[in-house]
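Undergrad: Sending over a structure as structure tokens; questions will come in a sec.
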Amino acid sequence: MLGRIAIVRNVQRTALKRSTGCSVLRQFSVQAALFKQPVPPKGRSKTVDDINKCVLNAKYAVRGRIPLLAEALKTQLAENPESLPFSKIINANIGNPQQLDQKPLSFYRQVISLIQNPDILNQLSPAELSKLYKPDVIERAQRLLKDAGGSVGAYSQSQGVAGYRETVADFIANRDGEPANANDIFLTSGASGSVAHILQLFCSSPENGCLIPIPQYPLYTATLALNNASALPYFLDEESGWSTDPQQIEDVVKDAIKRGVTPTTIVVINPGNPTGAILSAENIEAIFEVAARYGLVVIADEVYQENGFDDVEFISMKKVLRVLQKTQPGAYDNVQLVSLHSISKGVSGECGQRGGYMELVGFSEEVKQVILKLASISLCPVVTGQALVDLMVSPPKEGEPSYEQDQKERNAIHEALKERASLLHRAFQSLEGVSCQKPLGAMYLFPKIDLSKKAIAKAGSLGMTPDEYYCKELLEATGICTVPGSGFHQVPGTFHVRTTFLAPGTEWIESWKEFHEKFWDAHRD
Ligand SMILES: Cc1ncc(COP(=O)(O)O)c(C=O)c1O
């Protein structure tokens with residue numbers, strides 16, 4: 001009761017204080033007092049103005065304005081299929097293979113089905129089981145379950161299941177011909193989880209920063225924005241197949257230091273997203289030279305290492321580092337490398353299952369413990385995602401029962417991707433005002449579109465960047481959803497569009513060509 005009276009008095013006092021002639025409020029407070037209604041104190045609801053500015057500043061173009069418009073059009077199509085000039089949305093905006101009809105590899109899913117439902121293993125007789133699953137599927141499922149402590153529903157070690165990390169270490173050792181240690185491997189929720197950990201560690205304020213390639217994958221600028229750290233762009237050279245210029249990298253480092261920003265890390269995406277370029281061993285050596293001179297942690301984003309075409313060999317950064325360390329003893333001992341891989345890409349395409357790993361090279365035990373602490377804050381990555389990492393790095397081997405079927409499926413995916421990449425590349429080459437570097441790997445093309453002054457002015461009048469305007473018009477005319485090059489950053493004054501070549505069929509390529517011709521004619525200067 002006393003509390004209520006106090007509240008009423010408060011209301012009266014506040015109303016009186018604010019009133020200065022406002023009789024309505026005074027009347028209200030008198031009424032409230034009369035009826036002795038409790039007026040609970042109320043805090044202000046939070047609005048966008050209250051949100052952490054770092055979060056507000058972070059941008060992520062692959063799920064930006066154009067994909068949002070695509071979602072709205074998808075809903076419109078579902079409600080009224082005749083209302084648009086196309087019958088479906090083609091999601092060429094994101095490297096999400098299974099959204100675009102890529103079939104999951106049977107071996108993976110058979111093993112996963114058993115570890116998710118171990119009753120099948122435990123309750124069926126061996127004869128019944130062998131009718132459903134090949135022996136190597138059963139063996140792998142049993143091993144994965146045992147390594148995980150019996151159930152994938154239990155938290156694992158924060159660093160990832162030890163047995164799975166052993167498999168990853170074996171894979172790296174075979175790939176590079178250099179030893180790898182399971183203690184240096186962290187299993188993560190996709191490569192994105194690794195990036196979040198490493199950038200959080202070394203990029204924590206505007207006074208330190210990370211060198212990122214331009215064009216870049218927006219995960220990097222977004223994560224740096226979340227950490228309120230500086231992105232230090234270095235430009236890839238489009239005309240020479242998106243090559244990396246070590247002199248320019250060094251200039252960026254020197255310039256940052258002059259401005260009071262300490263460069264701590266450098267990102268190298270190889271094979272490149274969105275460029276599709278693959279770095280040569282010489283290119284990689286030159287990057288390590290700069291990294292060694294300025295003490296930069298090298299983040300090697302190698303999630304597309306399986307996506308190579310035209311026999312251009314992918315060489316891991318770890319392998320090149322080890323060669324440098326052997327041939328020039330002492331000169332590269334200080335280099336620290338974090339290399340990333342993921343189940344989302346390659347022929348696996350298991351983006352939704354969130355699995356990946358990072359290998360740490362050249363870090364002290366103390367630093368690794370801090371990374372472990374960071375990993376333990378989110379307990380552990382999804383355990384089935386971890387199991388898929390094991391499956392990705394150790395597919396059925398020749399002579400094993402699932403080998404032939406698995407190879408057939410892998411080759412079919414690989415060939416389809418290669419064919420579509422070259423088809424789309426040829427289509428872009430044939431379009432007026434468009435040039436496009438030949439993709440050597442990854443899943444994307446990044447054509448340059450020399451938009452006219454008229455198109456640029458029209459975009460400005462709509463409050464859009466010119467490439468965003470092109471993407472919007474493309475989407476509204478054909479249903480093809482792409483990402484404006486500005487989301488990946490680009491040389492000022494140039495305009496690009498990023499598209500995946502994952503979408504099946506060729507009709508969408510034809511409708512893009514038709515759209516472009518009309519757009520071009522309508523926007524001639
Ligand atoms: C270059 C690059 N790195 C990292 C990622 C994130 O991959 P994940 O799904 O493993 O988090 C992507 C996704 O498209 C990517 O293109």
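Undergrad: Only one residue in 400, 409, 404 is modelled with pLDDT of 95 or more, charged (D, E, K, R) and not in a helix (DSSP H, G or I), so which one is that?
TA: Sole residue among the options that is modelled with pLDDT of 95 or more, charged (D, E, K, R) and not in a helix (DSSP H, G or I): 400.
Undergrad: Any chance you could count how many residues in the range 303-342 are in a strand (DSSP E or B), farther than 29 Å from residue 422 by Cα and in contact with a Ser or Thr (Cβ under 8 Å, 6 or more places away or on another chain)?
TA: Here the count works out to 1.
Undergrad: Just the residues that are closer than 22 Å to residue 361 by Cα, open to solvent by less than 10 Å² (accessible area, probe 1.4 Å), away from the ligand (no atom under 15 Å from the Cβ) and not in a strand (DSSP E or B), please, taken from the range 255-302.
TA: 284, 287, 288, 290, 291, 296 - these are the residues of the range 255-302 that are closer than 22 Å to residue 361 by Cα, open to solvent by less than 10 Å² (accessible area, probe 1.4 Å), away from the ligand (no atom under 15 Å from the Cβ) and not in a strand (DSSP E or B).
Undergrad: Separate question: Looking at (1) within 16 Å of the ligand (Cβ to nearest atom); (2) open to solvent by 50 Å² or more (accessible area, probe 1.4 Å); (3) among the hydrophobic types (A, V, I, L, M, F, W, C), which is the one condition that is false for residue 347?
TA: (2)
Undergrad: Turning to a different aspect of this structure: Of the conditions (1) assigned by TED's automatic domain parsing to the domain that holds residue 412; (2) modelled with pLDDT of 95 or more, residue 96 satisfies every one except a single condition; which number is it?
TA: So residue 96 meets the others, but not (2).
Undergrad: Now for a different question. So which of 423, 431, 474 ends up being hydrophobic (A, V, I, L, M, F, W, C), part of a loop (DSSP other than H, G, I, E, B), outside the structural domain of residue 233 (by TED's automatic domain parsing) and in contact (Cβ under 8 Å) with a residue 24 or more places away in the chain? Let's see the steps before the verdict.
TA: Numbers: 423 fails: part of a loop (DSSP other than H, G, I, E, B); 474 fails: part of a loop (DSSP other than H, G, I, E, B).
When all the criteria are applied, what remains is 431.
Undergrad: Check the range 56-79 and report whether any residue there is at pLDDT 95 or above, surrounded by 13 or more Cβ atoms within 10 Å (Cβ to Cβ) and not in a helix (DSSP H, G or I).
TA: Checking the range 56-79: not a single residue is at pLDDT 95 or above, surrounded by 13 or more Cβ atoms within 10 Å (Cβ to Cβ) and not in a helix (DSSP H, G or I).
The values are calculated or read from the model by the stated rules, or taken from the named source; none is laboratory data. On a predicted model such as this, the values are computed, not experimentally measured, just so you know. Counting neighbours? That spans all protein chains shown, and the Cβs are built from the backbone with ideal geometry, glycine included. Note: areas computed on protein heavy atoms with side chains; ligands, DNA, RNA excluded. Shrake-Rupley method; radii C 1.70, N 1.55, O 1.52, S 1.80 Å.
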